[in-house]
Structure formats: C-alpha cells, structure tokens
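Okay, so here's the structure we're looking at.
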Amino acid sequence: MTSEEMAALHDRSFTTPRAWSAVEFDALLASPGAFLETATEGFLLGRVIAGEAELLTLAVAPSARRAGQGRRLLAAFESNARARGASSAFLEVAADNGPAIALYAGAGWETRGTRRAYYQRPDGSRVDAVVMSKPLA
C-alpha cells in the first residue's frame, strides 16, 4: 500500500483526528522502529522504540468495517511488536470513537487515562483521547 493510498483511506476513515497526508505517512514510515500492517481494505501503522510499541493509526474502509479486518490488523501489530522486542503497547483513541474503543477492549487493551481536549475536530471543537495499553510479554 502506497503512502498516497494510505492517505486516501485515512481521509475516508477519520474526521477526528484529522486525516494524515501522504507526506506524513512517508515521514512516519521512514522513522526508526516504524512498521506497516496491511489488509485488503485497511492498514495499521505502528512503531517500537525501547521495548514499547505504539499503535499510531488503524484505518479500515467504512464499507469494510465489522468484517474482522481491524481485529486481524491488531493481532498482526501485536505479533510484529513482540517480534521487535516490545513487552508492552499503547495507543490513543478519540473518546467518542466507540467502535474503535470496543475493538481494542475486546482484544484485551485497558484504559489507562485520558488526555483532555487532545484532538481537534474540523469545526474547531476538541475531544479527549483515551489512552489504552496492553502487556505483550
């Protein structure tokens, strides 16, 4: 999947946080520890640094949701992160993104805290981020 394809899918998948550009995806993919997992109509970008994995973004095309792609991408992320030496993982998700929070919780991720007004919506309002983590060891 190219960075342009990722940016287009990200744009169809997100309003909060804002969609990322192809240039941003290229920069993230070039950063130390970054890795990409792909599915037919989705992708996940993560990284591992100093034994800790971060799930940077997970996007599944709106028309392909609730068909298991998100679960498969999440499982691949966890496996790849373990193989890269991560013993724990974390992510941030918009507090109003109930389906994503349910996906993560169903895979054993636990809420650890909240970042107040972390994301900005297109209308300028702010929404909290829920910080979730999972041991991988």
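A few comments on the model shown:
- Which numbered condition residue 10 fails, given (1) under 21 Å from residue 89 (Cβ atoms); (2) surrounded by 14 or more Cβ atoms within 10 Å (Cβ to Cβ); (3) over 14 Å from the mean Cα position of the chain (by Cα): (3)
- When every residue of the range 17-27 is checked against the conditions, none turns out to be polar (S, T, N, Q), in contact (Cβ under 8 Å) with a residue 12 or more places away in the chain, out of contact with any Leu (no Cβ under 9 Å at 6 or more places or on another chain) and not in a loop (DSSP other than H, G, I, E, B).
- Residue list for the range 60-81, restricted to those being touching a residue at least 40 places away in the same chain (Cβ under 8 Å) and either within 13 Å of the chain's Cα centre (by Cα) or within 15 Å of residue 109 (Cβ to Cβ) (or both): 60, 77, 78, 81
- Matching residues in the range 26-54 - criterion: being among the small types (Gly, Ala, Ser) and under 17 Å from residue 131 (Cα atoms): 46, 53
- Where residue 67 falls short, out of the listed (1) within 14 Å of residue 14 (Cβ to Cβ); (2) out of contact with any Lys or Arg (no Cβ under 7 Å at 6 or more places or on another chain); (3) at pLDDT below 95: (1)
- Checked against (1) open to solvent by 60 Å² or more (accessible area, probe 1.4 Å); (2) in a loop (DSSP other than H, G, I, E, B); (3) in contact (Cβ under 8 Å) with a residue 24 or more places away in the chain, residue 32 meets all criteria but (3).
- Filtered residue count, the range 118-131, keeping only those that are under 23 Å from residue 49 (Cα atoms) and either open to solvent by 70 Å² or more (accessible area, probe 1.4 Å) or basic (Lys, Arg) (or both): 1
The values are calculated or read from the model by the stated rules, or taken from the named source; none is laboratory data. The structure displayed is predicted, hence computed values, not measured ones. When we count neighbours, we look across all protein chains shown, and the Cβ atoms used for this are built from the backbone with ideal geometry, even at glycine. Areas reflect the complete protein model, heavy atoms only, side chains present, ligands, DNA and RNA absent. Shrake-Rupley method; radii C 1.70, N 1.55, O 1.52, S 1.80 Å.
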